[in-house]
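*Asks:* Before I ask anything, let me first share the structure, which is written out below as structure tokens.
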Amino acid sequence: VEVLVVLPTYNEAENIDKVLRLVRDAVPGATLLVVDDGSPDGTAKLAAETGAEIGGVEVMSRPGKAGLGSAYRDGFAWGLERGYEAFVEIDSDLSHDPAAVPSLLEPIEHGYDVVIGSRYVPGGSIPAWSWHRRLLSKGGNLYSSALLGLHVADSTAGFRVYTDKVLRNIELGSVRADSYGFQIEMTYRAIRSGARVTEVPIRFVDRVEGTSKMSFYTVAEALSLVTWWGLKRAGRLGAAKARTMRRRPTGGAPASG
Ligand SMILES: Nc1nc2c(ncn2[C@@H]2O[C@H](COP(=O)(O)OP(=O)(O)O)[C@@H](O)[C@H]2O)c(=O)[nH]1
Ligand SMILES: [Mg+2]
């Protein structure tokens with residue numbers, strides 16, 4: 001399959017050269033698309049320079065910081081127009097090991113539509129995070145799974161692969177969340193669209209260079225969106241149940257259709 005690796009960047013000057021080389025080594029045939037939001041530290045220029053050396057690197061320069069979710073939506077749309085078949089999401093800060101990309105692509109060859117690089121399946125790992133950082137990540141995952149019926153251990157993970165088919169099915173243009181909320185929304189939409197989703201274990205490491213762009217706002221956004229989607233889902237499930245009961249007032253033969 002034709003693989004597009006999308007790397008969103010905002011001020012990743014210290015990481016971009018290394019991550020591009022490692023991704024290129026891991027998936028020699030893939031195209032690497034850097035989606036940069038006018039990083040003041042010159043990330044886009046550095047990406048283009050590395051690209052000139054290693055080949056197969058495209059740089060999309062957007063005018064200002066518009067968020068991770070928006071960067072992926074633009075990157076995916078770019079790739080869909082050009083006929084790519086598998087879309088890899090990976091952070092550009094080396095938290096996700098580029099060498100693991102082939103293990104995420106493998107299930108796609110076996111018919112899966114979405115592959116999540118998971119910290120919370122056997123073999124996966126997270127760094128020595130403080131208890132409150134752990135609680136936030138684990139708690140957020142449990143809350144999302146429970147409210148949205150996801151049956152996924154790591155719905156906030158940002159190391160993944162999607163097929164072109166699933167990206168077309170989920171109506172990318174109307175996805176609205178950013179950051180963690182974006183990952184959860186994509187998971188939820190993919191599952192509702194009937195996609196086959198699987199998780200493969202990954203080792204997540206804390207970034208060494210540069211700083212995190214994660215903020216309290218993005219966590220609050222994810223939390224409120226999940227609650228809102230959960231309420232809508234409960235409403236739909238309740239309405240469906242009421243319909244079934246109206247159709248079968250005596251508890252006789254199951255209603256058809
Ligand atoms: N294009 C773009 N990339 C972003 C933006 N915010 C974060 N990123 C990138 O998304 C990836 C993950 O962000 P990071 O700050 O490491 O988040 P964390 O791992 O949750 O702390 C990194 O490659 C960032 O450079 C944004 O607004 N626009
Ligand atoms: Mg990071």
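No lab work stands behind these numbers, since they all come straight from the coordinates. For clarity, every value in this text was computed on a predicted model and none was experimentally measured. Please note: Cβ atoms are built from the backbone with ideal geometry, for glycine as well, and neighbour counts cover all protein chains shown.
*Asks:* Can you pull out every residue in the range 35-45 that is touching a residue at least 24 places away in the same chain (Cβ under 8 Å) and not β-branched (Val, Ile, Thr)?
*Replies:* Asp36, Asp37, Gly38, Ser39, Pro40, Asp41, Gly42, Ala44
*Asks:* Any residue at all in the range 198-215 that's farther than 30 Å from Asp17 by Cα and free of Cβ contacts under 8 Å to residues at least 60 places away in the same chain?
*Replies:* no
*Asks:* Only one residue in Ala66, Ala48 is without any contact (Cβ under 8 Å) to a residue 40 or more places away in the chain and either under 18 Å from Arg207 (Cβ atoms) or part of a helix (DSSP H, G or I) (or both). Which one?
*Replies:* None of the others qualify; the one that does is Ala48.
*Asks:* Follow-up question, since we're still on this one. Can you find even one residue in the range 101-123 that is among the hydrophobic types (A, V, I, L, M, F, W, C), surrounded by fewer than 17 Cβ atoms within 10 Å (Cβ to Cβ) and either within 22 Å of Ala190 (Cα to Cα) or under 14 Å from the mean Cα position of the chain (by Cα) (or both)?
*Replies:* yes
*Asks:* For the range 71-183, give me every one of the strands (runs of 3 or more DSSP E) that falls completely inside it and has 3 or more residues that are of a type in the set (S, T, N, Q), within 17 Å of Leu4 (Cβ to Cβ) and in contact (Cβ under 8 Å) with a residue 24 or more places away in the chain.
*Replies:* Hits in the range 71-183: none.
*Asks:* Being closer than 26 Å to Leu105 by Cβ, within 15 Å of ligand 2 (Cβ to nearest atom) and either in contact (Cβ under 8 Å) with a residue 24 or more places away in the chain or not aliphatic (A, V, I, L, M) (or both) is the requirement here; does Leu32 meet it?
*Replies:* So Leu32 fails the test.
*Asks:* Given Ile108, Ile54, Ile116, Ile126, which one is more than 22 Å from Asp164 (Cβ to Cβ), aliphatic (A, V, I, L, M) and in contact with a Ser or Thr (Cβ under 8 Å, 6 or more places away or on another chain)?
*Replies:* Only one candidate qualifies: Ile126.
*Asks:* Can I ask one more? With the condition kept exactly as written, say whether any residue in the range 186-202 is over 15 Å from the mean Cα position of the chain (by Cα), surrounded by fewer than 22 Cβ atoms within 10 Å (Cβ to Cβ) and either within 16 Å of ligand 2 (Cβ to nearest atom) or acidic (Asp, Glu) (or both).
*Replies:* Checked the range 186-202: no residue is over 15 Å from the mean Cα position of the chain (by Cα), surrounded by fewer than 22 Cβ atoms within 10 Å (Cβ to Cβ) and either within 16 Å of ligand 2 (Cβ to nearest atom) or acidic (Asp, Glu) (or both).
*Asks:* Turning to a different aspect of this structure: Within the range 58-100, take every residue that is closer than 15 Å to Leu22 by Cα and buried (at least 22 other Cβ atoms within 10 Å of the Cβ) and give me the one that is farthest from ligand 2 (Cβ to nearest atom).
*Replies:* Per the criteria, the residue is Val88.
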